[in-house]
Amino acid sequence: MALTNLSYGTGRRKSAIARVWVKPGEGLITVNGRDFKEYLGRPVLEILVKSPLAHLGLEDKFDVVAKTKGGGISGQAGAVRLGIARALLVEDENLRASLRKGGYLTRDARVKESKKYGRKKARRGFQFVKR
């Protein structure tokens, strides 16, 4: 990866982390060295990842290279989406209002609640038997 005209953004979602580089190109998106359609596997996630670029009408103007780790496929897709939006801001600060309005710069803070002692899961208690 040549270090010319690259913009970087970090995205996080649940326990997934994505490091995203955006550079001018023809619209190729790679996640962990594979084409994003092959990596994600579900059309809904493909749309999710492309959504910041589609919102701005820049699908075929930038190439995206993402490295993800942690979490599952869905969380990683959300992390890549946030990373793309943040990297586009580095590229052009004037896009902030449009990305903010579309909700692409907001980090989704929902994470799994931790298990509590004396309980089966975070909130569910053990099954009660009267006898």
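Tabulated data
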read-out	value
Close pairs (6 angstrom Cβ cut-off, 6 or more residues apart or separate chains): touching a residue at least 60 places away in the same chain (Cβ under 8 Å) and closer than 14 Å to residue 25 by Cβ in segment 51-71, in a strand (DSSP E or B) and among the polar types (S, T, N, Q) anywhere	65/30
Residue among 65, 90, 111 that is within 19 Å of residue 15 (Cα to Cα), of a type in the set (A, V, I, L, M) and more than 11 Å from the chain's Cα centre (by Cα)	111
Helices (runs of 4 or more DSSP H) wholly inside segment 19-128 containing at least 2 residues that are touching a Pro at 6+ places or on another chain (Cβ under 9 Å), of a type outside the set (Phe, Trp, Tyr) and closer than 21 Å to residue 5 by Cβ	73-91
Residue 79 surrounded by 16 or more Cβ atoms within 10 Å (Cβ to Cβ), within 21 Å of residue 14 (Cβ to Cβ) and out of contact with any helix residue (DSSP H, G or I) (no Cβ under 9 Å at 6 or more places or on another chain)	yes
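Bear in mind these aren't lab numbers, they're just calculated from the coordinates by the rules spelled out. Treat the numbers as computed from the prediction; the structure is a model and nothing was measured. FYI the Cβ positions are ideal-geometry reconstructions off the backbone, even for glycines, and counts take in every protein chain you see.
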